[in-house]
Amino acid sequence: MKIGVIADDFTGASDIALTLAEAGMSVAQFIGVPQADADPELGAGVVALKSRTAPVAQAVQESLAACRWLQSQGAQQIILKVCSTFDSTAEGNIGPVLDALATQLQAQTVIVCPAFPENGRSVYMGHLFVNDGLLNESGMQDHPLTPMIDADIRRVLASQTSTDVHHIPAIDVMKGAQTIREKLPRSGFVIVDAIRDEDLLQIGKAAADQTLLCGGSGIALALPANFGAVSAPPAWLAMHGAGVVISGSCSCATRAQVAAYKSVAPSYEITAQSAVEGRVDVQDLAKWVLTQDAPPLVYSSADPSVVKAAQDQFGRDRSAEAIETLFSNLAAELSRRGVTRIVVAGGETSGAVVKGLGAQVLNIGPRLAAGVPMVRVDQDRPLALALKSGNFGHETFFSDALAKMEQTA
């Protein structure tokens, strides 16, 4: 293994796994820290954790365990994969986890860049933009778990760590890898601007000798080439059978996708109140899914004001846990009943679904959209999955993903 990735959620893990696979590396996504060795022919391993919103101590402990396993597999470079919108709070978890990993790897200087221009995420003058607006004006300020109220990710990271936070501006990045290397400080975390894919490619070249990096999936664009990999699209064997869409994200993009899919397919809404009060019977819901003429949508995606009201009534953690538990149990029951295609929207929801399925390893297939691959679970009942970050994908993503799962590539 050459590159090891520690991802703080499941959709982010699939996102960067796709980047590495398209760059020509053999890659597998592991659900949690594996107990056994990986295939020795594997070029990159991505460990998917559910640590983004976990208590800080737990996030640090799990991330260190993942790092040690990746090191034991021979990984020469470790990436802490975080969301391209830098989802975190003043308590963490990006800063504390980076501190711990830097100590474990004896990394003096750590490049930090969440930019993903293909999906509209760019970093300029240390500020994170979503399309043409600042992060804190993108809808992320209303995120129910990690509201992003400051677009200056230098300040965001500095609030989470005692390590010095530096910055390399775009004017230097555009001069190329050599200038980026020259501008790196001797120690500390370094926010590096990137507004184009070419910027990320130069950052990747400059990072060839770095033992630890942090960012979105874009930071991995050029890293496989440093190890001699050559770009090649992943293969896919068609998967037919019953399908379903499960959506828990409340992002603007996902709510538009939900509205579009509801206009062409059956849908069933899960409210926070019905989940908390236990009024949804998983067996009955699974039966309903399988009796529909088209793959239906089961969703809890709601307007931020509705989510806020539910959190005020039931508590943030209680509401989220009730919905995630319901989706986890539903995924397990649907798999048991023979569903073979599942499209999932939302990082926390994806984690719940994968947990319910009991999946240990995900095999990475071709892209469905920027940052979203098809993945295959090969166990007792093979499954095709799409694990979509809330803000990713076009308006017809759900129907397009289900259709592409049935096509060999």
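The values are calculated or read from the model by the stated rules, or taken from the named source; none is laboratory data. The structure displayed is predicted, hence computed values, not measured ones. Methodologically, a virtual Cβ is constructed for each residue, glycine included, from the backbone with ideal geometry; neighbour enumeration extends over all protein chains shown. SASA here: full protein model, heavy atoms, side chains in, ligands and nucleic acids out. Shrake-Rupley method; radii C 1.70, N 1.55, O 1.52, S 1.80 Å.
Of the residues GLY188, GLY126, GLY176, which single one is of a type in the set (Gly, Ala, Ser), over 20 Å from LEU80 (Cα atoms) and open to solvent by less than 30 Å² (accessible area, probe 1.4 Å)?
Of the residues listed, the single one that is of a type in the set (Gly, Ala, Ser), over 20 Å from LEU80 (Cα atoms) and open to solvent by less than 30 Å² (accessible area, probe 1.4 Å) is GLY176.
The set of residues from region 191-201 being within 28 Å of SER159 (Cα to Cα), part of a helix (DSSP H, G or I) and out of contact with any Leu (no Cβ under 7 Å at 6 or more places or on another chain) comprises just one member, ASP199. Each residue in region 306-341 was checked for being under 23 Å from PHE10 (Cα atoms) and assigned to a helix (DSSP H, G or I), and 22 of them qualify. With respect to LEU128, is the statement that it is aliphatic (A, V, I, L, M), in a strand (DSSP E or B) and out of contact with any strand residue (DSSP E or B) (no Cβ under 6 Å at 6 or more places or on another chain) true? Criteria met by LEU128.
Looking only at region 134-172, which residues are open to solvent by 20 Å² or more (accessible area, probe 1.4 Å), of a type in the set (A, V, I, L, M, F, W, C) and either outside any loop (DSSP other than H, G, I, E, B) or more than 15 Å from VAL82 (Cβ to Cβ) (or both)? Those that are open to solvent by 20 Å² or more (accessible area, probe 1.4 Å), of a type in the set (A, V, I, L, M, F, W, C) and either outside any loop (DSSP other than H, G, I, E, B) or more than 15 Å from VAL82 (Cβ to Cβ) (or both): LEU134, ILE149, ALA158, VAL165, ILE171.
For region 192-206, state whether one or more residues are farther than 26 Å from ALA369 by Cα and among the charged types (D, E, K, R).
no
Looking at SER335, SER328, SER350, SER399, just one residue is open to solvent by 10 Å² or more (accessible area, probe 1.4 Å) and in contact with a Phe, Trp or Tyr (Cβ under 9 Å, 6 or more places away or on another chain), and that residue is SER399.
Would you pick out the residues in region 1-39 that are hydroxyl-bearing (Ser, Thr, Tyr) and buried (at least 24 other Cβ atoms within 10 Å of the Cβ)? Correct list: THR11, SER14, THR19. What pairs come up if the first residue lies in region 393-409 and is at positive phi, the second is surrounded by 14 or more Cβ atoms within 10 Å (Cβ to Cβ) and of a type in the set (Val, Ile, Thr), and their beta carbons are under 9 Å apart, counting only those six or more places apart or on different chains? Final answer for the pair search is GLY393/THR254; GLY393/VAL372. Annotation note: Cβ proximity below 6 Å between a residue of region 102-120 that is touching a residue at least 40 places away in the same chain (Cβ under 8 Å) and a residue that is of a type in the set (Lys, Arg) and surrounded by 17 or more Cβ atoms within 10 Å (Cβ to Cβ) (sequence gap 6+ or interchain) occurs for ALA115/ARG121. Scanning region 147-169 for residues that are over 20 Å from ASP209 (Cβ atoms) and out of contact with any helix residue (DSSP H, G or I) (no Cβ under 7 Å at 6 or more places or on another chain) yields ASP152, ILE153, ARG154, ARG155, VAL156, ALA158, SER159, SER162, ASP164, PRO169. For region 265-287, enumerate the residues that are open to solvent by 60 Å² or more (accessible area, probe 1.4 Å), at pLDDT 95 or above and not in a loop (DSSP other than H, G, I, E, B). Listed by number, the residues that qualify are TYR268, GLU269, GLN283, ASP284, LYS287. Considering (1) open to solvent by less than 50 Å² (accessible area, probe 1.4 Å); (2) under 30 Å from GLN160 (Cα atoms), the lone condition that LEU42 does not fulfil carries the number (2). Pick from region 45-71 the residues that are open to solvent by 20 Å² or more (accessible area, probe 1.4 Å), in a loop (DSSP other than H, G, I, E, B) and not β-branched (Val, Ile, Thr): which of them is farthest from ARG376 (Cα to Cα)? Per the stated criteria, the residue is PRO55.
Looking at SER319, SER305 in this structure, which one is in contact with a helix residue (DSSP H, G or I) (Cβ under 9 Å, 6 or more places away or on another chain), open to solvent by 30 Å² or more (accessible area, probe 1.4 Å), small (Gly, Ala, Ser) and closer than 19 Å to PRO147 by Cα? After applying the criteria, what remains is SER305.
Looking across region 5-21, just one residue is over 8 Å from the mean Cα position of the chain (by Cα) and either more than 19 Å from LEU200 (Cβ to Cβ) or in a loop (DSSP other than H, G, I, E, B) (or both), and that is ILE6. Just checking, does region 330-346 include any residue being over 28 Å from GLN407 (Cβ atoms) and in contact with a helix residue (DSSP H, G or I) (Cβ under 8 Å, 6 or more places away or on another chain)? No: region 330-346 contains no residue that is over 28 Å from GLN407 (Cβ atoms) and in contact with a helix residue (DSSP H, G or I) (Cβ under 8 Å, 6 or more places away or on another chain). Confirm whether TYR261 is in contact (Cβ under 8 Å) with a residue 12 or more places away in the chain, of a type in the set (Ser, Thr, Tyr) and assigned to a strand (DSSP E or B). No, not satisfied. Taken together, the criteria exclude ALA369 from residues that are open to solvent by less than 10 Å² (accessible area, probe 1.4 Å) and either of a type in the set (A, V, I, L, M, F, W, C) or modelled with pLDDT under 90 (or both).
Hey, any hits in region 83-98 for a residue that's of a type in the set (A, V, I, L, M, F, W, C), surrounded by fewer than 20 Cβ atoms within 10 Å (Cβ to Cβ), more than 18 Å from the chain's Cα centre (by Cα) and under 25 Å from MET140 (Cβ atoms)? The answer is yes; a qualifying residue exists.
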